[in-house]
Amino acid sequence: MMSQMRHFSLKMNDGHTIPVLGLGTSAPSQVPKSETEMAIKRAIDIGYRHIDSAHLYQNEEEIGRAIQMKIADGTVKRDDIFYTTKVWGTFFRPELVQTNLERSLKKLQMSYVDLYLLHHPEALQAGEDFFPKDAHGNIIFDTVDLCTTWEAMEKCKNEGLTRSIGVSNFNCKQLERILNKPGLKYKPVCNQVECHPYLNQSKLLEFCRSHDILLVAYATLGSDARKKWVIKNKPSLLQDPVLNAIAEKHRRTPAQVALRYQLQRGVVALAKSFNEQRMKENFQVFEFELTPEDMESLDGLNRNMCYLQDLPQAAPGRVASHPETVGRMEGRGEAQLTSHVSRKSVLLATIMPLRSTALFPSEANLKAPSQQEKKNKKQK
């Protein structure tokens with residue numbers, strides 16, 4: 001039974017499906033681009049079919065070459081691959097949204113992507129700089145209405161350049177703006193956010209489920225401290241004693257347990273590793289199950305702690321003003337504020353939860369709420 005689950009997918013609200021386990025491709029700048037290409041080829045050989053990237057990652061040429069090689073050698077067909085890319089904030093003006101996607105498609109040597117996301121809710125000054133700054137080092141935002149950007153996303157879907165459209169790093173209010181937009185043609189199919197046992201996004205998950213929106217988790221294993229946007233001196237998720245005890249009980253790695261935790265919550269999980277052995281281990285997440293007691297213990301690890309920080313800022317704790325930042329703190333519920341005010345750390349804990357679909361119909365545990373969730377509902 002477990003061996004048949006390797007390519008299980010969740011159905012999105014537009015009828016398309018998304019594989020529940022994906023390969024993240026964001027890498028520190030010191031990692032050679034050639035490693036990305038090799039990693040994608042290895043991943044496809046191992047069995048990965050869901051690949052997540054973005055214009056920001058500057059690796060789509062390498063990813064495209066790897067995918068085309070595996071298509072050419074008969075390992076996969078294009079329809080076997082689920083590919084996600086994201087529009088960066090400097091392309092949020094409606095007339096630029098399709099331009100960003102067409103650039104990605106050219107690099108990828110593809111005619112369409114499977115999922116196109118708004119990378120974050122803030123529009124940045126249009127131009128070729130990823131992080132446009134003024135003379136004082138402050139990020140320069142743009143006053144683009146998210147709803148007009150979303151209309152441009154809908155056009156990309158209508159023109160067949162992407163099969164599905166969604167968002168990333170959105171909070172409830174920002175998502176509601178799109179959901180309540182007059183004339184909305186397509187709801188976001190997903191919201192991709194930082195999510196792991198230390199930041200389990202339970203409230204966000206409930207919200208997304210109520211709107212038939214999937215939650216896609218990145219930084220599922222913590223995050224690579226080499227990345228410049230990772231907050232330093234955070235406790236290591238994979239060294240957590242509770243996580244390790246559960247892993248030892250199942251004779252699995254802590255990473256496998258952290259990934260399995262997401263799948264049993266109905267969350268799509270992205271695992272980032274270019275190491276062949278770790279990629280193989282991560283892909284074995286379908287070969288075991290966590291008990292309800294395990295899930296309750298992992299739920300108990302939540303501390304609303306983010307690993308990833310905000311857009312570059314002029315000074316620690318300073319956030320440049322932008323219309324989309326208004327109300328960012330609202331609705332966070334259990335939120336804690338760190339000394340570093342972070343766009344992602346604020347957005348991610350507010351973001352909304354995903355929907356509960358029959359992820360693995362043969363396994364009740366994979367869609368059943370944890371005991372802790374049941375207790376919380378009784379207490380409300």
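Among the criteria (1) closer than 30 Å to Arg265 by Cα; (2) surrounded by fewer than 17 Cβ atoms within 10 Å (Cβ to Cβ); (3) at pLDDT 95 or above; (4) in contact with a helix residue (DSSP H, G or I) (Cβ under 8 Å, 6 or more places away or on another chain), the one Ile44 does not fulfil is (2). Out of all the residues in segment 125-139, which are in contact with a Pro (Cβ under 6 Å, 6 or more places away or on another chain) and in contact (Cβ under 8 Å) with a residue 40 or more places away in the chain? Answer for segment 125-139, where residues must be in contact with a Pro (Cβ under 6 Å, 6 or more places away or on another chain) and in contact (Cβ under 8 Å) with a residue 40 or more places away in the chain: just Phe131.
If you go through segment 44-79 and pick out every residue that is over 18 Å from the mean Cα position of the chain (by Cα) and touching a residue at least 60 places away in the same chain (Cβ under 8 Å), you end up with 2. Only a single item in (1) within 30 Å of Phe286 (Cβ to Cβ); (2) surrounded by fewer than 17 Cβ atoms within 10 Å (Cβ to Cβ) is not met by Gly127, and it is number (1). Here the strands (runs of 3 or more DSSP E) wholly within segment 1-111 that include at least 2 residues being in contact with a His (Cβ under 7 Å, 6 or more places away or on another chain), within 30 Å of Asp145 (Cβ to Cβ) and not polar (S, T, N, Q) are 82-87.
Contact map, segment 229-247: first residue on the phi < 0 side of the Ramachandran plot and at pLDDT 95 or above, second residue among the charged types (D, E, K, R) and not in a strand (DSSP E or B), Cβ cut-off under 8 Å, separation 6 or more or different chains; pairs are Ile246/Asp294. Could you tell me whether Leu238 is of a type outside the set (D, E, K, R) and buried (at least 18 other Cβ atoms within 10 Å of the Cβ)? When the stated conditions are applied, Leu238 does not pass them. If you go through segment 112-152 and keep only what is among the small types (Gly, Ala, Ser) and either touching a strand residue (DSSP E or B) at 6+ places or on another chain (Cβ under 7 Å) or assigned to a helix (DSSP H, G or I) (or both), you end up with Ala123, Ala152.
The residue list Tyr186, Tyr218 contains one member that is more than 15 Å from the chain's Cα centre (by Cα) and either crowded, with 16+ Cβ neighbours inside 10 Å or among the acidic types (Asp, Glu) (or both), which is Tyr186.
The values are calculated or read from the model by the stated rules, or taken from the named source; none is laboratory data. Predicted, not measured: the structure shown is a model, and the values here were computed from it. Positions of Cβ are backbone-derived with ideal geometry, glycine not excepted, and every protein chain shown enters the neighbour counts.
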